[in-house]
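Asker: Before I ask anything, let me first share the structure, which is written out below as structure tokens.
Coordinate-derived values only; no laboratory data. This one's a predicted model, so the numbers in the text were calculated from it and none came from an experiment. Note that we place each Cβ from the backbone using ideal geometry, even for glycine, and neighbour counts take in every protein chain shown.
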Amino acid sequence: MTEFHSPSRREYLLKQREVYGRHIFGVFPAQYPRELLWTMNILPVEIWDPPLDLSYASAHLQSYICSIVRLGLEFIVKGKGDILDGFLFPHTCDSIQNLSSIVNNYLKPGKPCYFFYHPKWPYRESSHRFYIEQLRDLAAQLGDQFGALDYSRFKRYVEKGEKVTSVMRDLYSLRASGGLSASNGEFYRTIRQAEFLHPDDLIPLLEKFLEGSQGTPRSETSVILSGVLPNPSEILALLDELKIRVGDDDLLACGRRYLVPPNQTQDPFESLAERYFYMPPCTTRNSPIKERLEHLINKVEGSNAQGVIFWIVKFCEPELFDMPHLIEGLKKKGLPTLVIDVEPNQELTGQLTTRIEAFGEMIR
Amino acid sequence: MGKKRRLRKESASLGPPLTSNRSLKELMATHYLLSRYAQGAMPVAWVTSGAPVEILRPFDFYTFYPENHGALCGAQKMGPELCAEAEEHGYHQDLCSYARIDLGHYFSGKTPVGRLPKPDLLFAANNICQTVVYWYKALAEYWKIPLILFDTPYNFGEISEVDISYMVRQLEEMIPLLEQISKIRFRYKRFRKIVGIAREASLTWGEVLSTMKARPSPMTIFDAFIHLAPIVSLRGLPAALEHYQGLLAELKDRVAQGVGAIKNERWRLMWDNIAIWYKMRDFSNLFAERGMNFVTATYTNAWTETIGYLDETKPFESMAKAYSLVILNNNLDHRLQLMERLIQEFQVDGLVIHSARSCKPYSVGQYDLRRLITERLQIPTVVIEADITDSRAYSEEQAMVRLEAFFETLEG
């Protein structure tokens, strides 16, 4: 097991290459079989919100395209991906779909680009079969570059993925029941390390955090976060300052991908398929709105939350389409909601601060 | 609700209007009129423009196309009013305006065609965008009716056998559901015949578009945008085929007689993306007055480009190919090659790109397409930032500044 020293992301990745011979892949959001990549000695590093100023991306993308896509492209065009050995684009939305082609067909970054299509709801027998076939196809494509898939190694990495999920579930469960003393900022800073750490480093980090964070929460007032990702982090700091704890989340980058029920399937391909089809309802998989609403209400009830904050990235169509129904459904249950429509990495404005403060006052 | 028709002046630079415009108007008016009586008499399906409608026809579904209705609302300048209705109910102004118009209709009942039939089924394919699925999911929730999705894997590279068999299996899985909803048993022979009719109509539409290779072109792309309606809304029905046969005969006659759609065709242009429906008339006049005629568009071409794959002897497999290889479900290299081919075949002198706020799969990548086409083909290009139906996202001043610069470059 490697020792985790909390280095910078770049230092960590360089070490992964030098010491363990791992290949580093830049992976765009959101749903992909990372266990398969780990097996092929590829370390996925997710590209959600690199801390960059947008300049070059504007020559390629319109102003009405979301910042996650624009920041991802900026990252590539500015050459920030020099450390990477390839890219993987999961089929998350129309904008990421076309971004994959801009990069692969037009920008030609000199690194291999792969694509992963996951079937969309409504799920049928054909969806399950197709998902397995997509996994096998990706394994074969990666195998051409990095060597054939070792089945027993694959099984081991699927087990490690299960372990990551299991600790995540424990963390979320502890937080929901009011047994976690960590601040909102500490919680998300820690779990977002899962976007780039190897499981051998991630599992002990999460376990250590779980062990060290048990205790009385800092506040009784709690909310659910729903949306894409917890950035700008100043909002988390503001919630901490206002003594509002996040009881649970329905964030694409966080809870939606990690809170999968345990599965005992022996075959690693089948196991990953199970994980995909049993993930919490998500816009990127076309889950029905009714399921999303039920899921949110369960989260509210399970964490004794007093309200829901929709933390939306500007221009994010998948999330924006579901919101009117979700807000209406929550309102019927007497649950207050707040919609914040922000760019990742933006500074917290006075107006936004006031809105969050007012919401905090209302739910107390 | 209806709007009082205003008399609008046609530019003196335009040639004689097509006589087929009248038959088109009758055909589409009948389609909308009949739709009012379909409800209760036969199962009604609301369908996305890229969905494999042939599979619905053997079950006698009356098919209605919200995107076509959205275009109609846009052309009648009702876009902002209907979009605002959806926005009042929480739908963000950044969302697709076809969707907002449709949801605005749901909340208000407003439409320029009197009344729309309530659907029993929603049938979507994500080969044109994921947006239609988000939109139809919302409708399914409001109407409490089933939604069937034809999930078409994006062609990042080449289409694979795995993709084809996934789509074939989905079509097979739909049949029992459609039987259940329509209470009609699947008729395979009829289905094959419908696939044949759809193929013929689409190929005839392709021939219609090909007449614009002639100099002068017998019609403009603005005519084609209007005559697109039957291949979108009535595909698989004999009426669409009959309409295009009539239109083709008229266009061939015009070509033989040297009758152009504009009087002095000096420059030939290509349009990229969906029309700006509320600017159709203005743009038609503006370009015609400068001797500029749009002779091809990636948008109108989309309903003929892949239809050659349709084969009544292998209906499921051929439908999988025909519907998943369409322009918006294909990588941008494919789009670049297609545009280069069309530019050469139609002897295009300049390219106008509509960056449509509503349509991400059409618009993301356009800036690079423009750069590459300019570099490779050395033709003037311009990007207009606008929207398909929501005129609030269009700045006349900004568009005209860009177009004037484009005109200067083109005219040298």
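Asker: Can you pull out the GluC sites (Glu not before Pro) in region A:274-346 that DSSP calls coil and that have at most 15 other Cβ atoms within 10 Å?
Answerer: Here no loop site has a sparse enough neighbourhood.
Asker: Going highest first, how would you order A:235-243, A:250-258 by mean Cβ packing within 10 Å?
Answerer: A:250-258, A:235-243
Asker: Tell me, Kirkwood radius of chain B from alpha-carbon pair distances, in Å?
Answerer: For chain B, the Kirkwood estimate is 21.8 Å.
Asker: Hey, how many Å between the Cα centroid of region B:318-352 and the Cα centroid of region B:42-86?
Answerer: Answer, in whole Å: 24.
Asker: Mind listing the long-range amide H neighbours of A:PHE310? Cut-off is under 5 Å, sequence gap 5 or more, other chains count too, H placed in the peptide plane at 1.01 Å from N.
Answerer: A:SER226, A:LEU338, A:VAL339, A:ILE340
Asker: Suppose every Lys and Arg Cβ carries +1 and every Asp and Glu Cβ carries -1, with no other charges. What dipole size does chain B come out with about its Cα centre, to the nearest 20 debye?
Answerer: I would put it at about 1300 debye.
Asker: Sticking with this structure for a sec: Within 10 Å of each Cβ in peptide B:354-361, how many partner chain Cβ atoms are there on average? Round it to a whole number, please.
Answerer: Across the residues of B:354-361, the mean count of other-chain Cβ atoms within 10 Å is 4.
Asker: May I ask you to derive the relative contact order of chain B, considering only C-alpha pairs under 8 Å and at least 6 residues apart, and to give it as an integer percent?
Answerer: Dividing the mean separation by the residue count of chain B yields 20 percent.
Asker: Percent relative contact order of chain A, based on C-alpha pairs within less than 8 angstrom and at least six residues apart? Kindly include the intermediate steps, with their values, before the conclusion.
Answerer: Values: 547 pairs, mean separation 61.9, N = 364.
Once normalised by length, the contact order is 17 percent.
Asker: In Å, what Kirkwood hydrodynamic radius results for region A:317-364 from the alpha-carbon pair distances?
Answerer: 12.4 Å
Asker: So, one more: Summing +1 for each Lys or Arg and -1 for each Asp or Glu, what net charge is found among the other residues whose Cβ lies under 13 Å from the Cβ of B:GLU173?
Answerer: Here the count lands on -1.
Asker: Per residue, how much space in cubic angstrom lies within the convex hull of the C-alpha atoms of region B:265-316? Before the final figure, lay out each step's value.
Answerer: Details: hull volume 5.1 nm³, N = 52.
So the per-residue hull volume is 99 Å³.
Asker: Still on this structure, please answer the following. Once Rh is set to the Kirkwood radius over Cα pairs, what Stokes-Einstein translational diffusion coefficient, in µm²/s, holds for the protein assembly as shown at a temperature of 25 °C and a viscosity of 0.890 mPa s?
Answerer: 89 µm²/s
Asker: Return the whole-Å distance between the Cα centroid of region A:159-193 and the Cα centroid of region A:3-80.
Answerer: Using only Cα atoms to place each centre, the spacing works out to 22 Å.
Asker: Follow-up question, since we're still on this one. Kirkwood Rh, region A:171-227, all Cα pairs: how many Å?
Answerer: Computed over region A:171-227, the radius equals 12.0 Å.
Asker: In vacuo Debye scattering of region A:109-162, one point per C-alpha: log10 I(q)/I(0) at q = 0.26 Å⁻¹?
Answerer: After summing over all Cα pairs, the log10 values are -1.08.
Asker: Compute the distribution of all C-alpha to C-alpha distances in region A:261-340, in bins of 10 Å from 0, and list the percent of pairs in each, rounded to whole numbers.
Answerer: Taking all Cα pairs of region A:261-340, the binned fractions are 16, 42, 27, 13, 2 percent.
Asker: Hey, another quick one. So what's region A:152-363 giving for Rg/Rh, alpha carbon basis, Kirkwood Rh from the mean inverse pair distance?
Answerer: Radius of gyration relative to Kirkwood radius: 0.96.
Asker: For region A:9-149, state the semi-axes of the equivalent ellipsoid (square roots of 5 times the eigenvalues of the alpha-carbon gyration tensor), sorted largest first and rounded to whole angstrom.
Answerer: The three semi-axes for region A:9-149 are 24, 22, 12 Å.
Asker: Evaluated at 20 °C with a viscosity of 1.002 mPa s, what Stokes-Einstein diffusion coefficient in µm²/s does region B:144-296 have when Rh comes from the Kirkwood expression over alpha-carbon pairs?
Answerer: Result for D is 116 µm²/s.
Asker: Beyond 27 Å, what share of the Cα-Cα pairs of chain A is found? Please give it as a whole percent. Show your work: numbers first, answer last.
Answerer: Numbers: 31142 of 66066 pairs.
The proportion of pairs with Cα distances above 27 Å equals 47 percent.
Asker: Then there's this: Which links in A:LYS290/B:LYS137; A:LYS299/B:LYS360; B:LYS77/B:LYS110; A:LYS108/A:LYS314; B:LYS77/B:LYS279; B:LYS77/B:LYS252 stretch past 21 Å when you go from one Cα to the other?
Answerer: Result: A:LYS299/B:LYS360; A:LYS108/A:LYS314; B:LYS77/B:LYS252 exceed 21 Å.
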